[in-house]
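**Q** Let me give you the structure first, and then I'll get to my questions.
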Amino acid sequence: MMIDRRLTRMAGVLIDYSTGVKKGDIVFIKGSSLAEPLIKELYRLTLERGGHPHIRVSLPGQSRLYYETASGEELRYLSPVSLYEARKADVYISISSASNTRSLSGIDPAKQAAHGITMKPVSETILRKSRWTITLFPTEAYAQDADMSLPEFEDFVFKAVFADKSDPVGAWKKLAKMQDALIKNLRGADEVRIVSSDTDLTLSVKGRTFVNSCGKHNMPSGEIFTGPVENSANGWISFSYPVCYGGREVDGVRLRFKDGKVIKAEARKNEAFLKSMLGMDRGARYLGEFAFATNRGIQKFTKSILFDEKIGGTIHLALGRSYPETGGKNKSALHWDMIKDLRKEGEIYVNGKLFMKKGRFTV
């Protein structure tokens, strides 16, 4: 079977640019059986670079089977093997490759929350490493969510990761340079105000670091992000698109903050689930991330957060866990990104000065 040249380029970006696999590296590659073509390419390239690949393949329907069958004791069981692997891995590549993006929609959210808390030591161990990345392999399920045929969605994915270009690594380095310039303009920033017809939210980023996300940890990427001061968010914000978590879609989300904490949460669809996730732990009601998205090659909403949070001209906020490299201190088993589209109307002010208008930077 012929391998799509774009798939080979995508694997090359993940191995040589995103994670920099080198001789002697222990490389864990995780994905479902649907991602077999990409997993094989990553396996081959890891061996060629002198690394030691270890594949962890899940089966379609495995997660639902787990939640339907697992006892309370099992939900609280942290596998020492999983923790050992997380500690030993030099490189960790996770591939989203769902056969059904709504497979967990009927599962009790309390079970999902309990398992998330149990697995927190594993996720935190991986996040502390410098060489980990998350990507997506196109499947029928993602294509259907995006209202595309599978070939159309494949084109979309390969374009988003720059695998349609002859020099995808060069393209990612160019994006990184552009984002560096934006970060320089944010030095000394304190108050950020987000304003539109349905939003008026202020938060502080004083003393926090904006991180240049240019394809190292997320592929695709294209954002600069930080961790807001934990008690600083005040006001309202309405989010533009549905947000998905644990197989459920929540639409029409509107949050009110006071001194950093969500004190009111509304949604047109699955409001009860939204509120249950906010009750996961103390940190779930506080912001862990604020980000500007910069990838102008991604303009269509697909219901896949890996792509949607990078739509050029949007911003996103995440409830829950902060990334330590930003200076953020919020801790939670939750990290839930929610997108605000500013391309048609809306402004962002930094220290009282206009920074973005209708999705375009003014600096």
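The values are calculated or read from the model by the stated rules, or taken from the named source; none is laboratory data. As the structure is a computational prediction, the values presented were derived from the model and not from experiment. Quick reminder, even Gly has a Cβ in these numbers, built from the backbone with ideal geometry, and neighbours come from all protein chains shown.
**Q** Would a scan of region 214-225 turn up a residue that is among the aliphatic types (A, V, I, L, M), under 16 Å from L136 (Cβ atoms) and in contact (Cβ under 8 Å) with a residue 40 or more places away in the chain?
**A** Within region 214-225, one or more residues are among the aliphatic types (A, V, I, L, M), under 16 Å from L136 (Cβ atoms) and in contact (Cβ under 8 Å) with a residue 40 or more places away in the chain.
**Q** Name the single residue that is surrounded by the most Cβ atoms within 10 Å (Cβ to Cβ) among those in region 275-285 being outside any helix (DSSP H, G or I) and in contact with a strand residue (DSSP E or B) (Cβ under 9 Å, 6 or more places away or on another chain).
**A** Among those residues, the one meeting the criterion is M280.
**Q** Count, please, the residues in region 118-163 that happen to be outside any helix (DSSP H, G or I) and more than 24 Å from R87 (Cα to Cα).
**A** As a first pass, look at region 118-163 and keep what is outside any helix (DSSP H, G or I): 119, 128-139, 146-149, 161-163.
Filter again for more than 24 Å from R87 (Cα to Cα), leaving 137-139, 146-149, 161-163.
Counting residues in region 118-163 that are outside any helix (DSSP H, G or I) and more than 24 Å from R87 (Cα to Cα) gives 10.
**Q** Looking at S58, S63, S79, which is the one that is in the same structural domain as L136 (by TED's automatic domain parsing), closer than 24 Å to D4 by Cα and hydroxyl-bearing (S, T, Y)?
**A** Numbers: S63 fails: closer than 24 Å to D4 by Cα; S79 fails: closer than 24 Å to D4 by Cα.
On inspection, the qualifying residue turns out to be S58.
**Q** Of the conditions (1) farther than 14 Å from V195 by Cα; (2) modelled with pLDDT of 95 or more, T314 fails just one. Which one is it?
**A** (1)
**Q** Further question on the same structure: Only residues that are surrounded by 13 or more Cβ atoms within 10 Å (Cβ to Cβ) and among the aromatic types (F, W, Y): list them for region 78-126, please.
**A** Y92, the sole residue that qualifies.
**Q** Filter region 318-354 down to the residues that are free of Cβ contacts under 8 Å to residues at least 40 places away in the same chain and under 22 Å from S197 (Cβ atoms), then identify the one that is surrounded by the fewest Cβ atoms within 10 Å (Cβ to Cβ).
**A** K353
**Q** Sort through T314, T326 and tell me the only one that's outside the structural domain of A110 (by TED's automatic domain parsing), under 17 Å from P228 (Cα atoms) and of a type in the set (S, T, Y).
**A** That would be T326, the only listed residue that is outside the structural domain of A110 (by TED's automatic domain parsing), under 17 Å from P228 (Cα atoms) and of a type in the set (S, T, Y).
**Q** Moving on. Could you tell me how many of the residues in region 295-311 are in a loop (DSSP other than H, G, I, E, B) and either at pLDDT 95 or above or within 11 Å of the chain's Cα centre (by Cα) (or both)? Even if it seems obvious, please write down each step before you answer.
**A** First, the residues of region 295-311 that are in a loop (DSSP other than H, G, I, E, B): 296-304, 309-310.
Narrowing further to those that are either at pLDDT 95 or above or within 11 Å of the chain's Cα centre (by Cα) (or both): 304, 309-310.
Total satisfying the criteria: 3.
**Q** Could you tell me whether region 91-99 includes any residue that is farther than 30 Å from E271 by Cα and of a type outside the set (V, I, T)? Give the steps one after another, and end with the answer.
**A** Let us first name the residues in region 91-99 that are farther than 30 Å from E271 by Cα, namely 91-93.
Narrowing the set further to residues that are of a type outside the set (V, I, T) leaves 92.
For region 91-99, residues farther than 30 Å from E271 by Cα and of a type outside the set (V, I, T): present.
**Q** Somewhere in region 299-315, is a residue hydroxyl-bearing (S, T, Y) and within 25 Å of A98 (Cα to Cα)? Walk me through how you get there before you give the answer.
**A** The first filter runs over region 299-315 and keeps only residues hydroxyl-bearing (S, T, Y), leaving 302, 304, 314.
If we keep only those that are within 25 Å of A98 (Cα to Cα) too, we end up with 302, 304.
Yes: one or more hits.
**Q** Considering region 173-196 alone, what residues qualify as being modelled with pLDDT of 95 or more and assigned to a loop (DSSP other than H, G, I, E, B)?
**A** Scanning region 173-196 gives L186, A189, D190.
**Q** Which residue pairs have Cβ atoms closer than 6 Å, lie 6 or more positions apart in sequence or on different chains, and pair a first residue in region 34-50 that is over 17 Å from G20 (Cβ atoms) with a second residue that is assigned to a loop (DSSP other than H, G, I, E, B) and of a type outside the set (G, A, S)?
**A** Close Cβ pairs satisfying both conditions: L34/T139; A35/F137; L38/F137.
**Q** Is at least one residue of region 179-186 free of Cβ contacts under 8 Å to residues at least 24 places away in the same chain and more than 22 Å from K303 (Cα to Cα)? Before you say what the answer is, go through the steps one by one.
**A** Within region 179-186, the first condition is being free of Cβ contacts under 8 Å to residues at least 24 places away in the same chain, and the residues that meet it are 181, 184.
Those still in the list that are more than 22 Å from K303 (Cα to Cα) too: 181, 184.
Checked region 179-186: at least one residue is free of Cβ contacts under 8 Å to residues at least 24 places away in the same chain and more than 22 Å from K303 (Cα to Cα).
**Q** Moving on to the next point. When you look at E73, is it surrounded by fewer than 17 Cβ atoms within 10 Å (Cβ to Cβ) and assigned by TED's automatic domain parsing to the domain that holds V157, yes or no? Break it down stepwise before answering.
**A** Numbers: surrounded by fewer than 17 Cβ atoms within 10 Å (Cβ to Cβ): yes; assigned by TED's automatic domain parsing to the domain that holds V157: yes.
Yes, satisfied.
**Q** Looking at region 223-265 only, could you name the residues that are within 30 Å of Q62 (Cβ to Cβ) and acidic (D, E)? It would help to see each step written out before you state the result.
**A** Going through region 223-265, the residues within 30 Å of Q62 (Cβ to Cβ) turn out to be 241-251, 253.
Within region 223-265, E249, D251 qualify.
**Q** Can you name the residue in region 240-274 that is assigned to a loop (DSSP other than H, G, I, E, B) and in contact (Cβ under 8 Å) with a residue 24 or more places away in the chain and is also surrounded by the fewest Cβ atoms within 10 Å (Cβ to Cβ) among such residues? Full working, then the answer.
**A** Filtering region 240-274 for residues assigned to a loop (DSSP other than H, G, I, E, B) gives 240-242, 246-247, 252-253, 259-260, 267-268, 270.
Right, trim to in contact (Cβ under 8 Å) with a residue 24 or more places away in the chain and you get 240-242, 246-247, 253, 259-260.
Working: S240: 23, Y241: 21, P242: 21, G246: 19, G247: 20, V253: 24, D259: 11, G260: 19.
For region 240-274, the residue satisfying everything is D259.
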